[in-house]
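Just below is one structure, and these are the notes that go with it.
The values are calculated or read from the model by the stated rules, or taken from the named source; none is laboratory data. Note that this is a predicted model, so its numbers are computed, not measured. Here the Cβ positions follow ideal geometry from the backbone for every residue, glycine too, while neighbour counts run over all protein chains shown.
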């Protein structure tokens, strides 16, 4: 489809270059405000892209443009930042699971967006938690290379150099990065298998496997499941589980208000990540993080309450 490259070691007219996107052939005429939606991980929404264009942070062929300008095949779209924006660090402590000079993996907490047009994001907290890279193509600030929904917790992959940013982007595009999640869903899920159902009109596949089920007075039963997205659509796992009749606990958007348990949040966490190192191909990165305590606490509490009122069952 399109190509994405990185050249963050350069300045353009006093602006810091973050990423470059080149429009491939076959793209129908489209306004830049619509095309720029989602092409940069730092701008995950149309609203964010619109604001970036209006602030002069998105350039078309090196020039500031209005939101209604049309893009053409071969055009170069650049994401830049202004010097005043470079040193705003959010002092949020993150768990660093892995780090070297080229990349890092951190644990994203619940309720904090990965990036976007706000100060309190994981991206703004990365300089507070990671060591500066000593490589010649070091990014001025580390950058996330994929997204997790704001309410989702778990492993987040970060680039620290331009070359790592490009290669990690390619690995995601070629599906060479594997991720597994754990979720608590409503109901009793007994069968493992692939969910193959479009998301926003695009093909989407996920693998789902039940791990354990507990009885619940309020909900009948809850199941801890392992999920692996084979594609990377927005909210894919949440949509697939709701479509299968087992919405994720805490997900009112794709379930109902009754899905939200006070103080629990969304019961979805990225717990496993594996990929080849972006700079050293012979090195395999295989990382896991613990299941959030709130998952086990909820399951234990629901089972304990159920047994209290059903003592004759024994289990």
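Could you list all residues from segment 80-94 that are modelled with pLDDT of 85 or more and surrounded by 14 or more Cβ atoms within 10 Å (Cβ to Cβ)? Steps first, answer last, please.
First pass over segment 80-94, keeping only residues modelled with pLDDT of 85 or more: 89-94.
Correct list: 89, 90, 92, 94.
When you check residue 249 against the structure, is it more than 30 Å from residue 170 (Cβ to Cβ), touching a strand residue (DSSP E or B) at 6+ places or on another chain (Cβ under 8 Å) and crowded, with 17+ Cβ neighbours inside 10 Å, yes or no?
Values: more than 30 Å from residue 170 (Cβ to Cβ): yes; touching a strand residue (DSSP E or B) at 6+ places or on another chain (Cβ under 8 Å): yes; crowded, with 17+ Cβ neighbours inside 10 Å: yes.
So residue 249 passes the test.
Does segment 23-45 hold any residues that are at negative phi, in a loop (DSSP other than H, G, I, E, B) and within 21 Å of the chain's Cα centre (by Cα), and which are they?
First, pick out the residues of segment 23-45 that are at negative phi: 23-25, 27-37, 39-45.
Those still in the list that are in a loop (DSSP other than H, G, I, E, B) too: 23-25, 27-29, 36-37, 39-45.
Residues satisfying the conditions are 36, 37, 39, 40, 41, 42, 43, 44, 45.
Considering only segment 224-245, I want to know if a residue exists there that is touching a helix residue (DSSP H, G or I) at 6+ places or on another chain (Cβ under 7 Å) and without any contact (Cβ under 8 Å) to a residue 40 or more places away in the chain.
Within segment 224-245, not a single residue is touching a helix residue (DSSP H, G or I) at 6+ places or on another chain (Cβ under 7 Å) and without any contact (Cβ under 8 Å) to a residue 40 or more places away in the chain.
Looking only at segment 269-299, filter to residues that are touching a strand residue (DSSP E or B) at 6+ places or on another chain (Cβ under 8 Å) and free of Cβ contacts under 8 Å to residues at least 12 places away in the same chain; which one of those is nearest to residue 187 (Cα to Cα)?
284
What's the total number of residues in segment 148-161 that are over 16 Å from the mean Cα position of the chain (by Cα) and surrounded by fewer than 24 Cβ atoms within 10 Å (Cβ to Cβ)?
If we filter segment 148-161 for residues that are over 16 Å from the mean Cα position of the chain (by Cα), which is where we start, we get 160-161.
In the following step, the residues that additionally are surrounded by fewer than 24 Cβ atoms within 10 Å (Cβ to Cβ) were identified as none.
Of the residues in segment 148-161, 0 are over 16 Å from the mean Cα position of the chain (by Cα) and surrounded by fewer than 24 Cβ atoms within 10 Å (Cβ to Cβ).
Among 56, 48, which is the only one that is modelled with pLDDT under 85 and either at positive phi or not in a loop (DSSP other than H, G, I, E, B) (or both)?
On the way: 56 fails: modelled with pLDDT under 85.
Being modelled with pLDDT under 85 and either at positive phi or not in a loop (DSSP other than H, G, I, E, B) (or both) holds for just one of 56, 48, which is 48.
Out of all the residues in segment 234-266, which are under 17 Å from residue 196 (Cβ atoms) and part of a loop (DSSP other than H, G, I, E, B)? Working first, answer last.
Applying the first criterion (under 17 Å from residue 196 (Cβ atoms)) to segment 234-266 yields 235-246.
Scanning segment 234-266 gives 235, 244, 245, 246.
Which is loosely packed, with under 14 Cβ neighbours inside 10 Å and either in contact with a strand residue (DSSP E or B) (Cβ under 9 Å, 6 or more places away or on another chain) or not assigned by TED's automatic domain parsing to the domain that holds residue 169 (or both), of 262, 307? Lay out the reasoning, then the answer.
Details: 307 fails: loosely packed, with under 14 Cβ neighbours inside 10 Å.
None of the other options fit; the residue is 262.
Give the residue, chosen from 127, 142, that is surrounded by 22 or more Cβ atoms within 10 Å (Cβ to Cβ) and in contact with a strand residue (DSSP E or B) (Cβ under 8 Å, 6 or more places away or on another chain). Before you say what the answer is, go through the steps one by one.
Working: 127 fails: surrounded by 22 or more Cβ atoms within 10 Å (Cβ to Cβ).
The match here is 142.
Go through (1) touching a helix residue (DSSP H, G or I) at 6+ places or on another chain (Cβ under 8 Å); (2) closer than 23 Å to residue 283 by Cβ; (3) part of a loop (DSSP other than H, G, I, E, B) one by one and return the number of the condition residue 134 breaks.
Failed condition: (1).
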